[in-house]
Amino acid sequence: MELDLSHEAAYVFKSANPVLGFAVDEPEAVWVPYEPGTANRFLMFDLNTNSFAVVLRCEPGSGIDRHYHMGAVAGYCLQGSWKYKEHDWVARPRSFVYERAGEAHPLTLMLSACSNIAGNITRSMDWT
C-alpha cells in the first residue's frame, strides 16, 4: 500500500513556519509508518532550530533500532510502557523523559499494550 500525503501539503507548510502560532487538530496530522510496528504523527517542524514535535505509536513487540540523538529530547509517555536497555528506569503513562544530546540507544516496548509517546526532538537523529 502506497502512502499518499499529497493532501497534507497545507499542514506541512503550516507546521514548518515557527513564526506563526498554530494549533493542530487530530484529523490534520496523519500517522506516517516508521519502523515495523511503529508510526509517527508529526505535529510541528521548526526549520530554524531543526527540531520537531511528534507522537510515536508503537505496537506490541515493536521498537526502534539503535539511534543517536544530536540534540536533546523531551518526551512524555501517554500510554503503555517502554524503556532503553542502557537504563534501569521504565517510562509509564505520565512519565517525563529527558535525553541529553549525544545519547545513543534502541527503544524497547515493555508490555503487550500499544505505547504512545509525545516528544520534542532538537537537531537530527542518526542510526548507528
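Since every read-out is calculated from the coordinates, none of them should be taken as a lab result. Remember, predicted model here, so these are calculated numbers, not experimental data. As a convention, Cβ positions derive from the backbone with ideal geometry for all residues, glycine included, and neighbour counts pool all protein chains shown.
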Residue hits (segment 41-80; acidic (Asp, Glu) and either under 21 Å from ALA101 (Cα atoms) or exposed (fewer than 15 other Cβ atoms within 10 Å of the Cβ) (or both)) are ASP46, ASP65
For segment 83-100, pairs from a residue that is among the hydroxyl-bearing types (Ser, Thr, Tyr) to a residue that is part of a loop (DSSP other than H, G, I, E, B), with Cβ under 9 Å and 6 or more apart or across chains, are TYR84/GLU103; SER95/SER81; SER95/TRP89; TYR98/ALA72
